[in-house]
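A.B. asks: A single structure is presented below for examination.
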Amino acid sequence: MARIGVLGFLHETNTFAPGPTELARFIEADAWPGLVEGQALLDATGAMNLAVSGFVAAMRDTGHILAPLLWCSANPSGPVADAAFDTIVSRMETLLRQAGPLDALFLDLHGSMVTEHLDDAEGELLQRLRRITGPAIPYVAALDFHAIITQAMVDQTQAMVAYHSYPHVDMADTGARAARMMQRLLAGESFHAAWQKLDFLVSMPWQSTLGDEPAGKIMAQARALETLDRPEVQFIPGFPNSDTPESGPAILAYASTPARAQAGVQALAQRVSGLQQAFSGTLHTPDQALQIARTHASLRYILADTQDNPGGGAAGDTTGILHALLDQQLSGAAVALLCDAPFALAAHQAGTGSTIRLPLGGRSTPGDPPVEGDFEILALGDGKFVGTGPFYQGCRMELGLMARARIQGVDVLVSSRKQQAADQAMFRHLGADPQDYRILVLKSSVHFRADFSALADHILMVKAPGANTADLRELRYTRLRPGVTIL
């Protein structure tokens, strides 16, 4: 019987987004729990689609003892403030020292955290923890699909497992995979790692693993390469809006021998090479997308406002597509979620059924001006509800005061905390059914597909101003290693 420490520290860092990301963002809850310590960690994260939840559930009947220490996350945004990183890691170190003897450590990480002065924050975190535990005990980490793998991360862990899917409907399943690796390590097995960094960047909208997308084909090939003695062969596309020397996809494998691990990496690398140029798609301007929707008036459309996706580090408050809807006088549409805490508060003060005249959104850069006009307040909510879709399943949302407001026949779902529109429960919390709209404008890149795709005849990627740049060629990378191609 082993005693296993449990830690989590997640942030997807968009180095091009205005920052820094301060400590308060990790302390507050949003779609996921705020910073939590000790036994409360298990209650706060239980029964959610999170890696830590899946790990805990999978270990429950194994006879091993879990020692929950600390878990926190913050919505994707600009570089993490050095002071915030140091505060959280120092607290982790204190709790680890106080935890008593541990036989292993599970870590729920994102894998692409960058601070003001650290390119590889996870590598630094792991090294600092190792100074306390020593090199002998096994570390198993769960990683995001968009993790940026580094040598330090590989060196400091016995195994790392990343999500297989985008949308990330398998986060809890990934925790269960981590638990299986942990049990094999505790039983005395050892795994050899092999990995390879790939020299290209893929924009987020084209990383989907659904349908016939290239990432989906690669994932299927990776699963075909896995065996009992080579349990993990992974394609990890990385987070492209990160300007660091290690940015880019990676292939990572674990096997009983170095040769078996390396063979898995090489086989998958050949598959990726053959599909590299297939990572592409069409970005529409708001006017182009709405003209398509107008021309095919009998069809239902989702317009993905990908560049204002909070899940990629954007502010979630831009108004480009909303302005276009109003300019083209298209009704029967809804925009979700637009983050504007002052507007939500004013809506609550005015009450349901009232009309308020207040600027909405448009506070962030890059972005269009606020929308001004008369807004009818249709519904109000406290922002506390449970996710029901495959991605946010079980997540106890805390998005602050929310409102559904209508202007010129267009409904806007407003929140006080930014969160990408990836769950139909966001609509139902405000008395709306997403099926009632012919045009859904969703501030998301890919995650929305898990819960909304069935509602649309067509999905269009829309390029309106926002900090989550979709055409990577528009970004001014200055720190990429030589030879990296931007697709």
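A.B. asks: Treating the beta-carbon of each Lys and Arg as +1 and of each Asp and Glu as -1, no other charges, what is the dipole magnitude of segment 103-258 about its Cα centre, to the nearest 20 debye?
C.D. replies: 420
A.B. asks: Further, regarding this structure: Under a plain spin-label model, where a point goes 7 Å from the Cα along Cα-to-Cβ, how far apart in nm are residue 28 and residue 296?
C.D. replies: 3.9
A.B. asks: Of 262, 26, 142, which is farthest on the positive side of the dipole of segment 3-278, counting Cα position, with +1 on Lys and Arg Cβ, -1 on Asp and Glu Cβ, and the Cα centre as origin?
C.D. replies: The residue sitting most towards the positive pole is 262.
A.B. asks: Please compute the alpha carbon radius of gyration of segment 110-190, then divide it by the globular-protein estimate 2.2 N^0.38 Å. Two decimals is fine.
C.D. replies: Here the Cα radius of gyration is 1.13 times the empirical estimate.
A.B. asks: Could you work out the local net charge near residue 469, counting Lys and Arg as +1, Asp and Glu as -1, over the other residues with Cβ closer than 12 Å to its Cβ?
C.D. replies: Summing Lys and Arg as +1 and Asp and Glu as -1 gives -1.
A.B. asks: If I fit a long axis through the Cα atoms of helix 286-295 and take the longest principal axis of the Cα atoms of the chain, what angle between them do I get, 0 to 90°, rounded to 10?
C.D. replies: For 286-295 against the chain, the angle is about 70 degrees.
A.B. asks: So what's the projected area for segment 22-148, the Cα convex hull averaged over all directions, in nm²?
C.D. replies: 7.8
A.B. asks: So, in Å, what gap is there between the alpha-carbon centers of segment 317-379 and segment 121-179?
C.D. replies: With segment 317-379 and segment 121-179 each reduced to a Cα centre, they are spaced 40 Å.
A.B. asks: Let me ask something else about it. How would segment 3-278 be classified by its alpha-carbon gyration tensor: rounded, prolate or oblate, with rounded meaning a/c under 1.5 and the a/b versus b/c comparison settling the rest?
C.D. replies: Because a/c hits 1.5 or more and a/b fails to exceed b/c, segment 3-278 counts as oblate.
A.B. asks: For segment 292-331, compute Rh as the Kirkwood radius over C-alpha pairs and then the Stokes-Einstein diffusion coefficient at 25 °C and 0.890 mPa s; write the answer in µm²/s, rounded to an integer.
C.D. replies: It diffuses with D of about 212 µm²/s by this estimate.
A.B. asks: Take the chain, mark every one of the trypsin sites (Lys or Arg not before Pro) that falls in a DSSP loop and has at most 14 other Cβ within 10 Å, then report the longest stretch left between them, sites excluded.
C.D. replies: Of all site-free stretches, the longest is 61-475.
A.B. asks: Moving on to the next point. Counting only helical runs of four or more DSSP H residues, what would the 222 nm mean residue ellipticity of the chain come to if each run contributes -39,500 (n - 2.57) and the total is spread over all its residues?
C.D. replies: Dividing the helical sum by the residues of the chain leaves -8000 deg cm²/dmol.
A.B. asks: What size of dipole, in debye to the nearest 20, comes out for segment 86-157 about its Cα centre when the only charges are +1 on Lys and Arg C-beta atoms and -1 on Asp and Glu C-beta atoms?
C.D. replies: The calculation lands at about 340 debye.
A.B. asks: Under a Cβ-Cβ cut-off of 12 Å, what is the net charge of the residues other than residue 108 that fall near it, where Lys and Arg count +1 and Asp and Glu count -1?
C.D. replies: Summing Lys and Arg as +1 and Asp and Glu as -1 gives -2.
A.B. asks: Quick check for me: using +1 on Lys/Arg Cβ and -1 on Asp/Glu Cβ, what's the dipole size of the chain about its Cα centre, in debye to the nearest 20?
C.D. replies: My answer is approximately 680 debye.
A.B. asks: Rg to Rh for the chain: what is it, with Cα atoms only and Rh by Kirkwood?
C.D. replies: Here the Rg-to-Rh quotient is 0.97.
A.B. asks: Setting aside same-chain residues fewer than 8 positions from residue 443, which lysines have a Cα under 19 Å from its Cα?
C.D. replies: 418, 463
A.B. asks: Using the alpha-carbon atoms, what tilt in degrees (0 to 90, nearest 10) does helix 341-350 show relative to the longest principal axis of the chain?
C.D. replies: Here the helix axis deviates by roughly 50 degrees.
A.B. asks: Find the all-direction average of the projected area of the Cα convex hull for segment 342-487, expressing the result in square nanometres with one decimal place.
C.D. replies: Computing the convex hull of the Cα atoms and averaging its projections yields 10.5 nm².
Bear in mind that the values in this text are calculations on the coordinates, not laboratory data. Quick caveat: nothing in here was measured; it's all calculated off a predicted structure. Neighbour counts run over all protein chains shown; Cβ positions are idealised from the backbone, glycine included.
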